[in-house]
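Data first, discussion second: the structure below is written as structure tokens.
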Amino acid sequence: CFTAGHPKAAEPSYQNRRLSEWLRDFDNNNLTPEQQATAAEAIRHIGTVALPSLVDQLSEEKEQQFKAKMEQWRKQQTTAADSVPRPPDPRLEALAGLDALGSEAAPALPALGKLLHKEDPPDPRVMYVVARIGPASVPLLNQLRTNDVKFLRLGSKVCLNLISSHSEVLYPSIAVGPDAPSFNRRLCEFNLLIMGAAF
């Protein structure tokens, strides 16, 4: 009722920066891992009130808009100086935000599961964030073990193994702070495990 009556509710913020500004830091290659770690810490301080915005950014519509903008950006790179900024990736930002929330992102599991079932090919970043949510994601991962899509079957088994073994890829020993491995680094490690399992 509140959402219907107040469609433009105030965007959550932390330290005088809006959620969207913190999320943009995850998609800025000019920032250091330490600065991105600060953004992750900010998302944790904002907490679960960030979930509606993060889930909204996962939508297929936003992904299609981003792909169209990327295509336009690529064309500009061939005809103009490389100074044209790359468009922001709303899904990357949302997934990095959910990653920062960890187990508190469990209410986003239905939206993440929908993406895994609908998209072809499935986005491996989504699979990783599902696993990062932890034990609450086990029922969804168990469902995916018998999916027709090979990547989902394989990925779900890898994820379940990472959760049960409390793997460093999901649960780094340094979880927060400037020395914590970034979302992108952990995602690369996850992709290597998926490739290894495939071979």
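Side notes on the structure shown:
- Matching residues, the range 109-122, being of a type outside the set (A, V, I, L, M) and open to solvent by less than 20 Å² (accessible area, probe 1.4 Å): Gly113, Pro122
- Only one entry in Leu187, Leu192 is open to solvent by less than 20 Å² (accessible area, probe 1.4 Å) and under 26 Å from Glu93 (Cβ atoms), namely Leu187.
- When Leu23, Leu54, Leu19, Leu31 are screened for being at pLDDT 80 or above, surrounded by fewer than 18 Cβ atoms within 10 Å (Cβ to Cβ) and not charged (D, E, K, R), only Leu31 passes.
- Among all residues of the range 180-193, there is none that is over 16 Å from the mean Cα position of the chain (by Cα) and among the polar types (S, T, N, Q).
- Pairs, first part of a helix (DSSP H, G or I) in the range 32-51, second basic (Lys, Arg), C-beta under 9 Å, six or more apart: Pro33/Arg185; Ala39/Arg24; Ala42/Arg17
- Residue in the range 135-154 that is touching a residue at least 40 places away in the same chain (Cβ under 8 Å), part of a helix (DSSP H, G or I) and either in contact with a helix residue (DSSP H, G or I) (Cβ under 7 Å, 6 or more places away or on another chain) or open to solvent by less than 10 Å² (accessible area, probe 1.4 Å) (or both) present: yes
- For the condition at pLDDT 90 or above and crowded, with 18+ Cβ neighbours inside 10 Å, Leu101 qualifies.
- Being open to solvent by 70 Å² or more (accessible area, probe 1.4 Å) and more than 17 Å from the chain's Cα centre (by Cα) is true of Phe199.
- When the range 75-91 is limited to residues that are outside any loop (DSSP other than H, G, I, E, B) and open to solvent by 20 Å² or more (accessible area, probe 1.4 Å), the one that is modelled with the lowest pLDDT turns out to be Thr79.
- Check on Asp120, farther than 26 Å from Ala39 by Cβ and in a loop (DSSP other than H, G, I, E, B): yes
The values are calculated or read from the model by the stated rules, or taken from the named source; none is laboratory data. What you are looking at is a predicted structure, and each value in this text was computed from that prediction instead of being measured. Glycine gets a Cβ as well: all are built from the backbone with ideal geometry, and neighbour counts include every protein chain shown. For the accessible areas, the whole protein counts, side chains as well, though only heavy atoms, and no ligand, DNA or RNA atoms are used. Shrake-Rupley method; radii C 1.70, N 1.55, O 1.52, S 1.80 Å.
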